[in-house]
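What follows is calculated from the coordinates using simple rules that are stated; it is not laboratory data. What you are looking at is a predicted structure, and each value in this text was computed from that prediction instead of being measured. Note that we place each Cβ from the backbone using ideal geometry, even for glycine, and neighbour counts take in every protein chain shown.
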Amino acid sequence: MAKKNKSKKRQAVKNETVTLDNIERLSDLLGIHQSAAGVSVTKSTAMCVSAVYACVRLISGAIATLPFEVFRKEGSSRKKDASHSLYGILRKQPNPKVSSVVFWETACTHILLQGNSYAIIHRNRQGDPLALTIIDPSRVEVDVKNDRLLYFITLEDGQYLPFDMDDILHIPGIGWNGRKGLSVISSVGQNSIGCAIAADEYAGRFLVMMLHRGVI
């Protein structure tokens, strides 16, 4: 019996194939993308490029300071509804730990760099929203079951939990399937950001070399 189990395990391992899609998903999960310059580009290394940092800070900061209004529909018109339960969450404080400015600035940063913004919607027993908790996109996997989106999230304490689409605020960027936005780092920015990082590292090494030789 033990020999049969071992042979089945070997066969299962042997039948596994590594495809380009698997490699890309693993790269997205780890947040590591190899550029043509040979430099690994991550969200952290990308923000070390001054142009990337300046653009992300400017765009996310500007959007975060815009007022978020809640409206109710009255016939063919609409009116602001400051009494709605979402008003305080979206405009003032999504959760006790962060202000609305910090929350939306972080959400925009996630979209600009990783193509998606995710937040868990906390509800009371009646189903009314109480708070929003921002989640790092690298901790989220999206799947479809029974015509509904399921979000599998690795929480900070290590728990791996599924969430229904009604309990996640997902703002995707441009993408292929409508379920998940493309990572800007792995699509358009991989080589350009990688080249900028490689050029900066080369300039630093060249300067150190010249200093040691006494040229400068």
Cut-off under 5 Å, modelled amide H: who pairs with Val41 long-range: His33, Gln34, Ser35
Where chymotrypsin sites (Phe, Trp or Tyr not before Pro) fall in DSSP loop in segment 104-181, at most 14 other Cβ within 10 Å: Trp176
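Just the C-alpha atoms of segment 54-167: what Rg/Rh do they give, with Rh taken as the Kirkwood radius? Display every interim value, and only then the final one.
Working: Rg = 15.7 Å, Rh = 15.7 Å.
Radius of gyration over Kirkwood radius for segment 54-167 works out to 1.00.
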Within segment 70-86, backbone nitrogen closer than 16 Å to the virtual label 7 Å beyond the Cα of Leu130 toward Cβ: 85-86
Loop-resident sites, segment 58-97, for trypsin sites (Lys or Arg not before Pro), counting at most 14 other Cβ within 10 Å (DSSP): Lys92, Lys97
Hydrodynamic radius (Kirkwood) for segment 144-216, which is based on Cα pairs only, to one decimal in Å: 16.6 Å
Gain upon complete extension [Asp81, Leu150; 0.36 nm per residue less C-alpha separation]: 21.8 nm
